[in-house]
Structure formats: structure tokens, C-alpha cells
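Below: the structure, in C-alpha cells.
Derivation of every value follows stated rules applied to the coordinates shown; laboratory data play no part. Note that this is a predicted model, so its numbers are computed, not measured. Quick reminder, even Gly has a Cβ in these numbers, built from the backbone with ideal geometry, and neighbours come from all protein chains shown.
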Amino acid sequence: MQSTRIYDCATVLCFRFTFAVGTFIYRAPELHCKYPQYNGSVDLWSVGCIFGEMFLELNKTLFTGGEGDDNPFTIIREIFELIGTPTSPEDVEWLPDYWARVVRDRCSNQPSPSDW
């Protein structure tokens, strides 16, 4: 008699995703910040960017992304200028450590609270 193995679906679905998904200026912030566990919400972000552009001037993108330099820091700053910056440590706890520091130290327009 053969034994049958039952695998946990989460184990089976553990893939290493790439961060180079989609067009640079339409990528979600979590992709620019190298968040390893993104999901379908990154597609919704892209669609939202396209809808946002529909309300702008003709031939203008929502984010420039440094005009082709593909620098994630540049586009993250643009995103925060549009939607606002994180205001507490909990807002960036999902980010990898390096990006949490970048957001806290360089992207915020306001002084960092002492508990950061």
C-alpha cells in the first residue's frame, strides 16, 4: 500500500517572486521597497495609477520615476509627496529593515518622532 502525503497549501505556494514586475512607474511601493510577500494588490496599485492619470493633463504620468533613471528612492519620494508620508513606526513595520530606515530618515517631510 502506498502512503499519501498531504502538503500544506502555504508550503506548496511558497515561491520566490521577482520585484521587477510591470512598468517601473506603475509598480506598487512594496515592489520598489523589495517587500518579499506581495500579492494581487500590486496590480490594483497599477490600475489606480492609470485611472489617476486619466484625470491629469494629456500625456502626463502620475509619477516620473526620475525620468528614466529607475531609482526606487526617487519614485518612493514621489509617492509620499502625493499620498503623504508614514507617521508612525507601525506604518513601516512591514518593510525590510533597510527600507524602513530610508523611509523614516529620508522620505519623511516631518521630523521623526523620538520613538522611531
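Fully extending the segment from VAL21 to PHE51 would add 8.9 nm, taking 0.36 nm per residue of separation and subtracting the current Cα-Cα distance. Annotation for ASP43 and TYR98: the two label points, set 7 Å from Cα along the Cα-Cβ direction, are 2.9 nm apart.
Compactness of region 17-107, taken as the C-alpha radius of gyration over 2.2 N^0.38 Å, stands at 1.07.
In terms of other Cβ atoms within 10 Å, SER88, SER46 run from fewest to most in the order SER88, SER46.
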